Amino acid sequence: MADSVLYDVTDGLATITINRPEAMNAMNVDAKVALRDAAQAAAADSAVRAVLLTAAGGKAFCVGQDLKEHVSLLAADRESGSGQTMSTVREHYNPIVRALTGMPKPVVAGVNGVAAGAGLGFALAADYRVVADTARFTTSFAGVALTADSGVSWTLPRLIGQSRAADLLLFPRSFSAQEAFEWGVANKLVPADELAAEAAAVARTLADGPTLAYAALKESMAYGADRSLSEALDKEDELQAKAGASEDHAIAVQAFLAKETPRYLGR
């Protein structure tokens, strides 16, 4: 991986760190490629049981597109007539979000500061968000005459409702960590100086847990988001049959009866 994104796997927990604090963790091409590759590597690695997505520095989680680089790339597009710059949605942002949302393991976002534009999208693509009380979220797309990307048009309305999402996207502004918690964007709100430890603890708990069950829960919630109740019930039946036949389920039941703490195998 490039220095702009750090990747580490320790005892089943993959930690992906956006590492451009000097640029508010803005996404230049190098960082987008590295984040895409890291997310896809974590998704494909059977040794990874959970993922922590976080960022270096205390000011920003990710402010989205690096506009300084973006301006120069747009200028090059005008000269060449290629229109290549905006292919970044297809080549980078979409694969990142698909990897985060689609991997059969839980993803925790530790949001340490400003999450704007694509950075907001990455945070919303996680399954669980631990948020510093000093963090802010910004729907900045229309402010630079762009539409939403990085999945925000799908994730934001589902988290906070269509009306509030429309207000934030049509009239872009920041909302606070407290608002994020009240609206259901933040699952856990913590003091800024406790963010790193708390996000890591949450991710570690998930990595040590029944990962097959987590994968099934993630799949069933995604499936049920746009299906009928009857279809959702059928999917629950299918996934529960698989979970019930797993070694993890047998381990959990035996540990419960023995009043012991289960040690899951992920199979």
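The values are calculated or read from the model by the stated rules, or taken from the named source; none is laboratory data. Every value quoted in this text rests on a predicted model; they were computed, and no experiment measured them. Glycine also receives a Cβ, built like all others from the backbone with ideal geometry; neighbour counts cover every protein chain displayed.
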Q. Looking only at segment 166-197, which residues are closer than 20 Å to TRP154 by Cβ and of a type in the set (Asp, Glu)?
A. ASP167
Q. So LYS235 fits all but one of (1) outside any helix (DSSP H, G or I); (2) among the charged types (D, E, K, R); (3) without any contact (Cβ under 8 Å) to a residue 24 or more places away in the chain; what number is the exception?
A. (1)
**Q.** Members of segment 136-160 that are in a helix (DSSP H, G or I) and either polar (S, T, N, Q) or in the same structural domain as ASP226 (by TED's automatic domain parsing) (or both)
**A.** SER153, THR155
Q: Consider ALA186 carefully, then state whether it is at pLDDT 95 or above, assigned by TED's automatic domain parsing to the domain that holds ASN112, surrounded by 15 or more Cβ atoms within 10 Å (Cβ to Cβ) and assigned to a helix (DSSP H, G or I).
A: no
Q. Of all residues in segment 185-210, which are more than 29 Å from HIS249 (Cα to Cα) and touching a Leu at 6+ places or on another chain (Cβ under 9 Å)?
A. VAL185
Q: Among the residues of segment 161-173, count how many are closer than 23 Å to HIS92 by Cβ and not in a loop (DSSP other than H, G, I, E, B).
A: 1
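Let's see how each residue does on (1) more than 29 Å from LEU159 (Cα to Cα); (2) loosely packed, with under 12 Cβ neighbours inside 10 Å; (3) of a type in the set (Ser, Thr, Tyr); (4) not assigned by TED's automatic domain parsing to the domain that holds ARG158:
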site: SER230; (1), (2), (3), (4): no, yes, yes, yes
site: LYS235; (1), (2), (3), (4): no, no, no, yes
site: GLU238; (1), (2), (3), (4): no, no, no, yes
site: GLN254; (1), (2), (3), (4): yes, yes, no, yes
site: TYR264; (1), (2), (3), (4): yes, no, yes, yes
(Q) Restricting to segment 12-37, name every residue that is within 18 Å of VAL202 (Cβ to Cβ) and in contact with a Lys or Arg (Cβ under 8 Å, 6 or more places away or on another chain). (A) GLY12, LEU13
(Q) Looking only at residues that are among the hydrophobic types (A, V, I, L, M, F, W, C) and at pLDDT 95 or above in segment 124-147, which one is farthest from GLU194 (Cα to Cα)? (A) ALA125
